[in-house]
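See structure below.
The values are calculated or read from the model by the stated rules, or taken from the named source; none is laboratory data. Quick caveat: nothing in here was measured; it's all calculated off a predicted structure. Virtual Cβ from ideal backbone geometry, glycine too; neighbours counted across all protein chains shown. These area figures cover heavy atoms from the full protein model, side chains too; ligands, DNA and RNA do not enter into them. Shrake-Rupley method; radii C 1.70, N 1.55, O 1.52, S 1.80 Å.
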There are 2 protein chains.
Amino acid sequence: MAARPANPRLAHDIIEAAASLVEERGPEGITMRLVADRIGYSPTTIYLYFKNKEHLLDETVNRAYDWFAEHLERAQTGASAPERLRQGAHAYLDWGLQNPGMYRLMFEWGYLGDISEEAIFARRASWRRTRNVIERGVEEGAFRSGLDSATAADTMWVGIHGLTSLALSGRMFGNPGVADPAVVHGRSHQLADALADSWEAAWRP
Amino acid sequence: MAARPANPRLAHDIIEAAASLVEERGPEGITMRLVADRIGYSPTTIYLYFKNKEHLLDETVNRAYDWFAEHLERAQTGASAPERLRQGAHAYLDWGLQNPGMYRLMFEWGYLGDISEEAIFARRASWRRTRNVIERGVEEGAFRSGLDSATAADTMWVGIHGLTSLALSGRMFGNPGVADPAVVHGRSHQLADALADSWEAAWRP
DNA sequence: GGTGGTACTTAACGGCGTTTACTGACGGTC
DNA sequence: GACCGTCAGTAAACGCCGTTAAGTACCACC
């Protein structure tokens, strides 16, 4: 955030405008001129607060990761680790289906720019939470003792991202076209169950 | 394909140029002017063969799906259905890692346009193959008898897409940044094993 | 009342996808 | 051999885009 002018409110408004436009028109539909129109300033004003379009979108994505993490946290209320894992997976999918434009911007849009170390750390918060839930599950004896929590968190994360991504893009090949949320949730159940089951203590030697 | 002019070779060359540019510069880096430069014609000539950029990319993607299907087919030589399933998953991942630009264009780029029914059918060929392998596995007794092959194929497909997608984008959160192929292949093993195992006959009542 | 800085705008640049109007070559017909 | 379509390809332009350079209006302060 360049933020030379002393108007912190405006920087916030620009991000909000960008976020709403991403949702309305998708990552490909957002332009600096549209953002400027929405806040009632000229396009060049945005460059007083953000170095360029990529930096503006980076900041917008940073805020979206916070909303996303909050959503996941609120959903994971279950008593057991496997249950919290399933709740997390379904909450992840729900957030993606409800914020398709932002989801695509966060997880599919181009390659990562020169974002700061701390921003990268913040973006990984929900992944760390998943890993912690799995670790807790190992401690509780719900998952087998040799389970590597980082690998397992990656696997869960990767599976549920794939489901969300294909559902949003209309490329769920068993049901091409715009995905029926009920079908997608069914897939989410099978995926989360299959992974959680394969990690459970009793199933492996 | 509009294809008014009687130069079928040129339509083919345009698609080849587009495909090579997608790989060199990614889906966001391809422009009609660059494609024209590469084939040695003016940009407007492309519009004699394709309605617009979206249709050109649609045709390019159609051809890429054929290469992709061939790659998967060649890899699935195993004797048992679970083995062919694992081979297919790893071949899928390999193709994505080796053709990152095209993979993103095929599976993440915007929403589907007005492509024909038969093109959609052709694009689903590899998914149907996966479903057939699972069906064969059920017949052979390797997978449990009540298993729904369409749901299972979706689940496998979704998981391996998620892995490929996150690996290509540098967003594998356990290992952020450009993904180490060895690590990604490890994740692929755990994912494919977890799913195949959860479907095996002996493991479920 | 001049001075300097701050917050913002106007105008422009080059590049994009796409369209309109054109050029030149070719084949048939009288 | 002169005329006339048709056909393949092009040049120029339009309205977008991200971004930059130059300018303007306003304010506090001496």
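Summing Lys and Arg as +1 and Asp and Glu as -1 over all other residues whose Cβ lies under 13 Å from the Cβ of A:Trp95 gives a net charge of -3. Roughly how tilted is helix B:81-98, in degrees to the nearest 10 and between 0 and 90, from the longest Cα axis of chain B? Helix B:81-98 sits roughly 30 degrees off the main axis of chain B. Under a Cβ-Cβ cut-off of 14 Å, what is the net charge of the residues other than A:Arg33 that fall near it, where Lys and Arg count +1 and Asp and Glu count -1? In short, +2. The phi torsions of the stretch B:151-168, fed into the Karplus equation with coefficients 6.51, -1.76 and 1.60 and a -60° offset, translate into couplings of 4, 5, 5, 4, 5, 4, 4, 5, x, 6, 5, x, 4, 4, 4, 5, 5, 5 Hz, rounded to whole numbers, with Gly and Pro shown as x.
Amide H to amide H, with H built 1.01 Å from N, B:Phe143 comes under 5 Å of B:Val138, B:Ala201, counting only residues 5 or more places away or on other chains.
Net charge near B:Ala18, counting Lys/Arg +1 and Asp/Glu -1 over other residues with Cβ under 13 Å of its Cβ? It would help to have the intermediate numbers written out before the result.
Numbers: positive: B:Arg25, B:Arg33, B:Arg38, B:Lys53, B:Arg63; negative: B:Asp13, B:Glu16, B:Glu23, B:Glu24, B:Asp37, B:Glu54, B:Asp58, B:Glu59.
Net charge in that neighbourhood comes out at -3.
Sequentially through the stretch A:137-144, phi angles give Karplus couplings (6.51, -1.76, 1.60; θ = phi - 60°) of x, 5, 4, 6, x, 6, 10, 5 Hz, Gly and Pro residues having no value and appearing as x.
Trypsin sites (Lys or Arg not before Pro), restricted to the stretch B:33-132: which are DSSP loop and have at most 14 other Cβ atoms within 10 Å?
Values: sites: B:Arg33, B:Arg38, B:Lys51, B:Lys53, B:Arg63, B:Arg74, B:Arg84, B:Arg86, B:Arg104, B:Arg123, B:Arg124, B:Arg128, B:Arg129, B:Arg131; in loops: B:Lys51, B:Arg124.
Sites meeting the loop and neighbour criteria: B:Lys51.
Would the stretch B:47-182 count as rounded, prolate or oblate if I go by the C-alpha gyration tensor, calling it rounded below 1.5 in a/c and otherwise prolate when a/b exceeds b/c, oblate otherwise? Oblate is the answer for the stretch B:47-182, as a/c is 1.5 or above yet b/c matches or exceeds a/b. The simple Förster model, with R0 at 30 Å and r as the Cβ-Cβ distance, assigns B:Ser20 and B:Asp114 a FRET efficiency of 0.70. Across peptide A:172-182, the mean count of Cβ atoms from other chains lying within 10 Å of each residue's own Cβ comes to 4. Under 17 Å from a label point set 7 Å out along the Cα-to-Cβ vector of A:Val183, the amide N atoms of the stretch A:84-98 belong to A:97.
Angle between the Cα long axis of helix B:181-199 and the longest principal axis of chain B, 0 to 90 degrees, nearest 10? The answer is roughly 50 degrees. Sorted from nearest, the other copies put their B:Gly78 label points 2.8 nm away, the label point being 7 Å from Cα in the direction of Cβ.
Figure note: B:Ser188, B:Ser80 ranked by solvent-accessible area, largest first, 1.4 Å probe, ligands and nucleic acids not counted: B:Ser80, B:Ser188. For the stretch B:52-59, the Karplus equation 6.51 cos²θ - 1.76 cosθ + 1.60, evaluated at θ = phi - 60°, returns couplings of 6, 4, 4, 5, 4, 5, 4, 5 Hz by residue, with Gly and Pro reported as x. For the protein assembly as shown, rounded, prolate or oblate, judged on the Cα gyration tensor with a ≥ b ≥ c (square roots of eigenvalues), a/c < 1.5 rounded, else prolate if a/b > b/c? It is oblate, given that a/c is not under 1.5 and a/b is not larger than b/c. Closest approach of a chain B Cβ to the axis relating B and A (residue, whole Å): B:Gly162, 1.
Measuring between their Cα centroids, the stretch A:33-76 and the stretch B:90-168 lie 34 Å from each other. Please state the shape class of the stretch A:1-72: rounded when a/c is under 1.5, otherwise prolate if a/b exceeds b/c and oblate if not, all from the C-alpha gyration tensor. Oblate is the answer for the stretch A:1-72, as a/c is 1.5 or above yet b/c matches or exceeds a/b.
Enumerate by residue number the chymotrypsin sites (Phe, Trp or Tyr not before Pro) in the stretch A:111-203 meeting two conditions: DSSP loop (anything except H, G, I, E, B), and at most 15 other Cβ atoms within 10 Å of the site's Cβ. If you can, show how the numbers build up before the last one.
Numbers: sites: A:Tyr111, A:Phe121, A:Trp127, A:Phe143, A:Trp157, A:Phe173, A:Trp199, A:Trp203; in loops: A:Tyr111, A:Phe173.
Passing sites in the stretch A:111-203 are A:Tyr111.
Taking the label point 7 Å along Cα→Cβ, B:Ser116 and its counterparts in the other copies are spaced 5.4 nm apart, in ascending order.
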